[in-house]
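Structure first, commentary second.
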Amino acid sequence: MRWRSMAASPAIARRSILSPASHSQLLRRPIPSCVNPQRRFQLHLRSSRRVSEASVAAAFSRSISVNSASVLSDHSCRDSSALDDSFLACSMPGRRLKVAVLVSGGVDSSIALRLLHAAGHACTAFYLKIWFQEDFENFWSECPWDEDLKYAKSVCDQIGVPLELVHLTDEYWKHVVSHIISEYRCGRTPNPDVLCNTRIKFGAFLDAIDSMNFDYVASGHYARIVHPSSDEDGVSILKLSNDTVKDQTYFLSHLSQSQLKRLLFPLGDLSKEDVRGLASSLGLPNKDRKDSQGICFLGKVKFSEFVARHIGEKEGALLEAETGDFLGNHRGFWFYTIGQRQGLRLPGGPWYVVEKDIENNVVFVSRNYFSRDKRRRVFRVGSLKWISGTAPESGSHLQCKVRHGPGFYDCTITLEENGDNQDEFTAAATSASAATTAAVVRLSEDDQGLAAGQFTAFYDKGTCMGSGVILESWDDTGFPICARAVELAKLPEKSNLGPPVKIFNQLTSSSSPQTGTNRGLVAVTSDKMPRVTRAVSLKWKFSGWRRRIGRWLGVF
């Protein structure tokens, strides 16, 4: 299977804008990538008028045929006016606005569109087609975006809202994918979803439609925005969603004030259960569709395959952090992140990635990742961006999230003025606090999953203040690696390590706990059998009838 990188592939004949008037996906001439996004968007619109009706019909039947019977059924065309006013609190009801709505074919963005339409706004839906998606059909059995587009089209047809298809493949490669590849090569773990929101959905797309005079751009994110009244000259505030589990302010925490002022999030006051209930009551064609999972741009591509295609593989050693024992080989340090458990394929676990030697391509693992003596609560962040444009005072007591989810840490943040950690991410941010590029964060509790490249979002009383990127330079020593493991990692020829050691299960007795990788024989005591000494392997403990016999004998 041949892989074509968008960075090196020739220009692909692009498809134009979708509109309900033509019900089509129009073919158009390639537009040079050097043209700025706004001009390219205008050329896309202009080129669509020069396509024959025959091309229109052929393209539509080939790519986004929709079952018109299901779209026009009585069940699927229920009136949005039946919506309770309480659902419209974040949709600015009572005003006649011109709103661009980003739709993905999922339930969340579809309900956002219906809420804005019910609030009386003039809506235009936009589907963003990004990165290498045009070439998916050449390498995979089914096209990952075709189904999304079909659902988006069906939802828009229910209420007569026009749907436009926007190509931002070049922008996505330049501003998101290439950055991700570079970060993984350096051993860091970037967050594509934060980058996508900042640079594409509310970056390149806002630039592309700037001349179309939309009052706001809306999406199906779970977050709330409090805008100042029209007669006030204040700042817009990003606040937590009412659904703490689905809240997505973490992914939006690196937005600038100029971006936030132009956004609407109609789902800010709703829970996921509310959204599902509305989808069912309104008869949306995607009401039973599962939520998308994983990285935004990969679609149905496995992340490991993406990394292998663009970075490659390079065999390295897996060493136990406490002993230096050689446990086996890995495909390359860039496949692993700190705190990772899945994909190690080591028996006797669970095993966790605790450190990486980038220079020598060595991954250190441990089964004692959550031990009380492994403190990880002090770290540094760079590329700071504050949504209001003003940084908090140094030494402020805030809350923070180090990953997406409902969990917060109480923390103290100490700012480092005029730091030397400015990178292209920070350089692109034009805020009043650009001089403060780094800070030391002290958490109230330990966290075992801190990884360089990930974002830390800061909050104060439910308001998201901004975020920064976790740096590799730690204030503490991180996970301790024994001297033997450090020396073995420096060996130029890893074949000198010999065969991997045999891994035994960690069994604990009341008198003397047994830990470690290769601890030899383990004494096992049972009331139903005499005291025996045997090496207990993972195969014995976890395979079929042996496990059941062991339980009957009281061994396990």
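Read the figures in this text as sums done on the coordinates, not as results from a lab. Not measured: the values here are computed from a predicted model. For neighbour counting, all protein chains shown are included, and Cβ atoms are generated from backbone atoms with ideal geometry for every residue, glycine included.
I'd like to compare 86-97, 175-186, 213-224: which one has the highest average count of other Cβ atoms within 10 Å, and what's the full order after that? Walk me through the intermediate numbers first.
Numbers: 86-97: 16.7, 175-186: 18.5, 213-224: 21.2.
Most protected by this proxy first, the peptides run 213-224, 175-186, 86-97.
Spacing of the modelled spin labels on SER444 and HIS397, each 7 Å from Cα toward Cβ, amounts to 0.9 nm. Restriction of the trypsin sites (Lys or Arg not before Pro) in region 254-291 to DSSP coil positions whose beta-carbon has at most 11 other beta-carbons within 10 angstrom yields LYS290. Note on region 300-388: Cα-Cα pairs beyond 20 Å make up 45% of the total pair count.
When the chain is fully extended, how far beyond the present Cα-Cα distance does SER304 get from LYS272, taking 0.36 nm per residue of separation?
Details: separation 32, 0.36 × 32 = 11.52 nm, distance 2.99 nm.
Working it through step by step, the gained length comes to 8.5 nm.
With respect to the cross-link table entries LYS314/LYS401; LYS129/LYS174; LYS153/LYS272, which display a Cα-Cα separation exceeding 25 Å?
On the way: LYS314/LYS401 33 Å; LYS129/LYS174 15 Å; LYS153/LYS272 22 Å.
Beyond 25 Å between Cα atoms: LYS314/LYS401.
Take each peptide in 162-173, 488-499, 304-315, 352-363, count the other Cβ atoms within 10 Å of every residue, and average; sorted highest first, the result is 162-173, 352-363, 304-315, 488-499. Distant-in-sequence amide contacts of LEU270, defined by a placed amide H-H separation under 5 Å and a gap of 5 or more residues or a different chain, comprise ASN242.
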